[in-house]
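Below is one structure, written out as C-alpha cells; comments come after it.
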Amino acid sequence: MDTVARMRKLGFRKWYERQLIESHLYLVTCFLGIIMAATAIELSGRRESVAGLILAAALGLAGCVLSLFGWQRYKRIMVVAEHIGDHATCVQCNAYARFTVVDAGQALRQEPVDIENASEVWLKVHCRKCGNEWTI
C-alpha cells in the first residue's frame, strides 16, 4: 500500500505516528548493524582459525549492509513525514491535520517514497474545517 492510500485509510495523525515509529525501528536496525560490525572487528582480532576469520568478515559485511539499509530507510521516511507534518496546518483556519488528500505526486504513490525527485513529493489537500485547499 502506498503512502497516499495509507494516509487516506488511517488519517494524517495516525499515518504520521506510524511513520515515526517505523522510521525509528529502522534507526534501531542501523544501530544493530553497527554493533554487528564492531563485533566482527573484535572477532577478527582473535584470529583463532580461518573459519573464524571468514565468519567475522561475513558478520562485518552483514552489519555494514544492515546499518546502511536502516539509515537510508530511516532518513527517507523522516524526510517525507517531517515535510508533510511541517505543512499540515491550514493557513486560513489554523487547523492542524484536519485535511483530506485530494491528489498527490508520483513519488508518494511509490513504496518506498522516491525522495530523489523532489518535484514529485507533494500533496494537494482539502481542509475539512474551512474548505481551503493547499499543496504540501
Subject >> HN-Hα J in Hz across the stretch 103-112 - Karplus 6.51, -1.76, 1.60, θ = phi - 60°, x for Gly and Pro >> reply: 8, 8, x, 4, 5, 7, 9, 10, 10, x
Subject >> Sorted by Cβ density within 10 Å, fewest first, the residues 30, 93 >> reply: 93, 30
**OP:** Under 11 Å from the Cβ of residue 97, count the other residues' Cβ atoms, weight Lys and Arg +1, Asp and Glu -1, and hand me the total.
**Re:** +4
Subject >> Convex hull (Cα only) mean projected area of the stretch 1-91, reported in nm² to one decimal >> reply: 6.8 nm²
**OP:** Report the net charge of residues surrounding residue 112, where surrounding means a beta-carbon distance below 12 angstrom and charges are Lys +1, Arg +1, Asp -1, Glu -1.
**Re:** -1
**OP:** Report the FRET efficiency, 1/(1 + (r/R0)^6), for residue 95 and residue 20, where r is their Cβ-Cβ distance and R0 is 22 Å, rounded to 0.05.
**Re:** 0.60
Original post:
Which order do 9, 14 fall in if you start with the one that has the fewest other Cβ atoms within 10 Å?
Top reply: 9, 14
Original post:
Which FRET efficiency value, to the nearest 0.05, do you get for residue 54 and residue 31 by plugging their Cβ-Cβ distance into 1/(1 + (r/R0)^6) with R0 = 30 Å?
Top reply: 0.75
Subject >> Unmatched cysteines, the chain - criterion: no other Cβ of a Cys under 4.7 angstrom >> reply: 30, 64
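Taken together, the values in this text are just the output of simple stated rules run on the coordinates, not laboratory data. Fair warning: this is a prediction, and the values are worked out from it, not measured in the lab. All Cβ positions, even for glycine, are placed from backbone atoms using ideal geometry, and neighbour counts span all protein chains on display.
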